[in-house]
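All remarks here apply to the structure that follows.
A short reminder: the numbers here are calculations on the coordinates, not readings from a lab. Because the structure is a prediction, the values reported are computed rather than measured. Cβ placement follows ideal geometry from the backbone for every residue including glycine, while neighbour counts extend to all protein chains displayed.
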Amino acid sequence: MKQRCILNIVAIVFVFSSVGSVRAQLGLRPGAVLPNQSKEFQQAAARKVDKLVGAEFRRKQVRPLPKSTDAEFLRRSYLTAIGRIPSYEEAVAFLDSEEPGKRVDLVDTLLGSYGYNMHMFNWWADLLRATDTFQNTSGAPYIKWIKDAIAEDKPYNKIVHELVAAAGGGYQNGAVGYYMRDKGMLKDNMANTTRIFLGTRIECAQCHNHPFDSWKQMEFYEMAAFTSGMKIGTRSSFSSYLSDKEDEKDMDRGLRDVSRLIRYAVFDFSVADAGDGSIHLPKDYKYRDGKPGERVGAKSLAGFGKSVRVSLKSKSKDAGEARQEFADWVVSPQNPRFTKVIANRMWKRVMGTGLFEPLDNFSAGATPSNPALMAYLEELLVDLNYDLKAFQKVLFYTYTFQLAPSPVQHPARSPYNFNGRQLKRFSAEQIWDSLLTLKVDKPDVRKGNGYDGGAIMFRNRPVLVGKKSMQNLYNDVMAIESPAAVWKYAENLYKQIKNDKGGGGGGGEKMKMMMMAQNASKKYGQEMRASELSSPMANGHFLRQFGQSDREVIENSSTDSDVTQVLSILNGHVEKNITSNSGAKLFKVVNAGKTDGEKIDRIFLSVLSRMPSEDEKELFLNEFKMDRGSAARNAVSALISTAEFMFVQ
């Protein structure tokens, strides 16, 4: 099929001005409270970004591509902001509008939608390796905490601080899932913390001085000391008592499972002690700055803002104070890596390519592709109080975001000038959610958000829905003062579960929604967005076939292609749910067309978010004349199989 390509390149004039705060542009005095939710502020910041991008065009004698068409901007905005293509109705409404500010209005609408929250969760889940299950219990409290933070538009620095300083029980504070995710591997957790939030890889220094960077093994252990000694789990005597009872001869298997549910979710899923800020060097330590087995105090990495250090002789620190100070240090605006790394991550999320790559390995000698722009983005993010949604809105407002797609693929990991949009294949979640948009009406409008961690899950099904929640269970058990009384509570809970018929308090509808999330392979799971399904899905599922992260490694998703994806499109998930599904929303839209030409227009608008060219229209009209019965299905199948459908342009 003939593909449109961009051949005409025109010059765009970007006016260069020196790097300065948007405060000055808006005439705001130093220290004044910024209206970071005002459109005036955000559009002024967007113009500043464009000037800095344009300055690089001028310096490097690069000519930018023209402005994107409305159809290109529409599709790019939907996929970037909310992770799916626009529906037929959404595409028509935007393309038919003659309002001069419709692009800005679209950005405002998308970033204010529930769809933004769902797509943002996919990003956070990959970064934090959020999973539905941990070693022995549900990861739902952690996932709920992340989703709630997104819905509340919680500032990024506050999110990170709460994660790093997290303490308490999982059903009291879901943020402790950050440590439960790496239970028993606190050194690895520290390496992940510096990689995720500081863009620095120090894991090699766990065993020896870093071979390619300046980090020493001593520095790794000094950092690891901030979380060393943390006690994962609470009331060990209670947990041991339950474990012994579970092992008794002829123990009822159901009662044993209820006891394990309580033990894993209440006593084991918690951070009870934040450690003392010290650690022992390994017994084979071989460098002159320390002795094997020596105990050293916590110390932050040099060159990352004001140093934080815990003296072994100090008696003034309470348990956990060292980790609180560590959290303060990580998120400090004076920590040069903290703001830089997240600003670059958000830039890549919106623009497709980072100002420095890879995102999590920014060495001391590295230079962003546009240093002036990088510096301004850091300043802007601080001015916005680390509001990631407001920061992204600024980037969406820019002319840079609106440039046409580039017909030339830029070499990976080499500096990019952002003179046109680089093509990038959909993520697995974008593919799933875009296909869902073709299948169902209003894919972002849900009756619920699946399993949010509130229900008691017994043998993979919700029980006592509307009668007792996991929060109730947690509060009940933590109020009990003896292990024997907890066992008695488990016996009574088991009786309640056996007698539960699924009613009470609207439990029927709630139970149905939770079962939908827990059984995504069944029919109703096919009609939920990726962020509402299991995290991650099981091997073999469509999402995993198309590269969804297994959440074992930070940002472990893939956009590589293989034959299983082709088969899934031709005669698997896509064929079953879209092309051969007469009840799909897409075909209801198509069948409403009165002529073959109108039906073809509706197919193109639904699948590619644009009208067909004259040549494309003629090609498909011939198909309709030759095989009217299968023409619409064939047309849909052909368009879904194109690179234009599968790539963000």
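Points worth noting:
- Global geometry of the stretch 154-260, whether rounded, prolate or oblate, following the gyration tensor of its Cα atoms and the 1.5 cut on a/c: prolate
- Length-normalised contact order for the stretch 111-237 - Cα pairs under 8 Å, 6+ apart - percent: 16 percent
- Interchain or long-range residues, amide H under 5 Å from Trp215's placed H: His210
- Two-site FRET efficiency, Thr559 against Ala302, from Cβ-Cβ distance with R₀ of 30 Å, rounded to 0.05: 0.20
- Which of Leu605, Leu639, Gly583, positive extreme of dipole for the stretch 563-648 (C-beta unit charges): Gly583
- Rounded if a/c under 1.5, otherwise prolate or oblate - the chain, Cα gyration tensor axes: oblate
- Evaluated over the stretch 551-611, the Cα radius of gyration and Dmax, each in Å: 16.1, 51
- Using a Förster distance of 51 Å, the FRET efficiency for Gln135-Ser414 (Cβ separation, nearest 0.05): 0.80
- Three-way shape call for the stretch 39-140 based on the alpha-carbon gyration tensor, with the a/c threshold at 1.5: oblate
- Per-residue extension of 0.36 nm, minus the Cα-Cα distance of Asp153 and Ser363, leaves a gain of 72.6 nm for this segment.
- Cβ-based exposure ranking for Ile85, Ile456, in which fewest neighbours within 10 Å come first: Ile456, Ile85
- Dipole axis of the stretch 25-179 (+1 Lys, Arg; -1 Asp, Glu on Cβ), positive-most option in Pro86, Pro141, Tyr179: Tyr179
- Potential lengthening between Phe647 and Glu618 on full extension [0.36 nm per residue; Cα-Cα distance subtracted]: 8.0 nm
- Between the stretch 217-262 and the stretch 388-414, the Cα center-to-center distance that results, in Å: 47 Å
- The alpha-carbon atoms of the stretch 563-648, seen along their principal axes, cover 35, 27, 22 angstrom, with the largest extent given first.
- Anchor Lys439: lysines whose Cα lies under 19 Å away (excluding residues fewer than 8 positions away in-chain): Lys447, Lys522, Lys523, Lys576, Lys585, Lys588, Lys599
- For the residue pairs Lys348/Lys389; Lys468/Lys495; Lys158/Lys340; Lys158/Lys231; Lys468/Lys498; Lys183/Lys245, the alpha carbons lie more than 19 Å apart in Lys158/Lys231; Lys183/Lys245.
- Cα-centred dipole magnitude for the stretch 563-648, charges only on beta-carbon of K, R (+1) and D, E (-1), debye, nearest 20: 440 debye
- The chain - charge dipole about Cα centre, Lys and Arg +1 at Cβ, Asp and Glu -1, debye rounded to 20: 360 debye
- Label-point separation in nm, Ser243 to Glu481, each point 7 Å along Cα→Cβ: 2.6 nm
- Computed E for Asp627/Asn581 - FRET, C-beta separation, R0 25 angstrom, nearest 0.05: 0.85
- A simple spin-label model places the labels of Lys588 and Glu491 5.5 nm from each other, with each point 7 Å out along Cα-to-Cβ.
- Relative contact order [Cα under 8 Å, 6+ residues apart], the chain, whole percent: 18 percent
- Counting 0.36 nm for each residue step from Asp213 to Met611 and taking away their Cα separation leaves a gain of 138.1 nm.
- Take every pair of alpha-carbon atoms less than 8 Å apart whose residues are at least six positions apart; their mean separation over the length of the stretch 563-648 yields a relative contact order of 27 percent.
- Per-peptide average of other Cβ atoms within 10 Å, ordering 134-147, 574-587, 281-294 highest first: 134-147, 574-587, 281-294
- Two-site label geometry, Arg461 and Cys204: point separation in nm, points 7 Å out along Cα→Cβ: 5.3 nm
- Computed from backbone phi, the HN-Hα couplings of the stretch 199-209 come to x, 10, 9, 10, 4, 4, 6, 5, 10, 6, 4 Hz, rounded to whole numbers (Karplus: 6.51 cos²θ - 1.76 cosθ + 1.60, θ = phi - 60°; Gly and Pro given as x).
- Listed residues Ala485, Phe356, Ser561: farthest to the positive end of the dipole of the chain (Cβ charges): Phe356
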